[in-house]
Amino acid sequence: MNAPIFKDTVRLCFLSMLGCILFSCSPDPGEELYVPHAEVVTDLQSEVFELINAHRDSLGLNPLTNLDLAYLKAEEHTEYMIASGKVSHDFFYDREAYLVAHADAEQVAENVAFAFSTAKGVVKAWLESPSHKSIIEGDFSHASICAMKGSDGSYFYTHLFIKK
């Protein structure tokens, strides 16, 4: 093996890695990432929660109790959907694991929605979807919903259901 060529190659690799480390683009630890402005719509949240519980009551099911710890996760995910510009269940298993560990949840499910500007509209859409309806009518004891309106006027929802 030719030693001078090997040393030059190692030196070049080392300098390249050093340059990547020194000049990489990442935020400072205290610097916040940009999240588009979003407004929590508390009246809408309350109305959705009431409509879901009224539907459950009409079927003889227990009413859901609000769980503040779940709200934090619902709000976090709703902000994520607004920032990404799409409705999704991305990272659901992280939310589920958090609620199992910190809220003693036995089971966690989630409904998400986009674009509905009224509580009746979003609840009607969920009830017309068999998979969403089965969650609403499922064996859950607690829930929390976050409804947010993005700066572009679009509405996003994350509704978490928990069995304790």
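The values are calculated or read from the model by the stated rules, or taken from the named source; none is laboratory data. Not measured: the values here are computed from a predicted model. As a convention, Cβ positions derive from the backbone with ideal geometry for all residues, glycine included, and neighbour counts pool all protein chains shown. Just the protein is used for accessible areas: all its heavy atoms, side chains included, with ligands, DNA and RNA removed. Shrake-Rupley method; radii C 1.70, N 1.55, O 1.52, S 1.80 Å.
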Worksheet, complete the sentence: Reported set for the range 122-164 where residues are out of contact with any His (no Cβ under 6 Å at 6 or more places or on another chain), part of a helix (DSSP H, G or I) and free of Cβ contacts under 8 Å to residues at least 60 places away in the same chain is LYS124, ALA125, GLU128, PRO130, SER131, HIS132, LYS133, SER134, ILE135
Worksheet item: Name the residues in the range 51-70 that are in contact (Cβ under 8 Å) with a residue 12 or more places away in the chain, within 21 Å of ASP139 (Cβ to Cβ) and open to solvent by 50 Å² or more (accessible area, probe 1.4 Å), would you?
Response: LEU51, LEU59, LEU61, ASN62, THR65, ASN66
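If a residue must be assigned to a helix (DSSP H, G or I) and not hydroxyl-bearing (Ser, Thr, Tyr), how many such residues does the range 80-114 contain? Show your work before the answer.
The initial filter retains those residues of the range 80-114 that are assigned to a helix (DSSP H, G or I), namely 80-84, 92-103.
Still in the running and not hydroxyl-bearing (Ser, Thr, Tyr): 81-83, 92, 94-97, 99-103.
Matching residues across the range 80-114 total 13.
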Worksheet item: Quick check: anything in the range 80-94 at pLDDT 95 or above, closer than 21 Å to ASN62 by Cα and open to solvent by 10 Å² or more (accessible area, probe 1.4 Å)?
Response: no
Item to complete: Could you tell me whether the range 145-156 includes any residue that is among the aliphatic types (A, V, I, L, M) and more than 18 Å from THR78 (Cα to Cα)?
Response: no
Response to the item:
In the range 141-153, anything more than 17 Å from ASP43 (Cβ to Cβ) and modelled with pLDDT of 95 or more is listed as SER141, HIS142, ALA143
Practice prompt. Hey, could you check the range 51-67 for residues that are in contact with an Asp or Glu (Cβ under 7 Å, 6 or more places away or on another chain) and among the hydrophobic types (A, V, I, L, M, F, W, C) and say which is nearest to CYS146 (Cα to Cα)?
Written response: LEU61
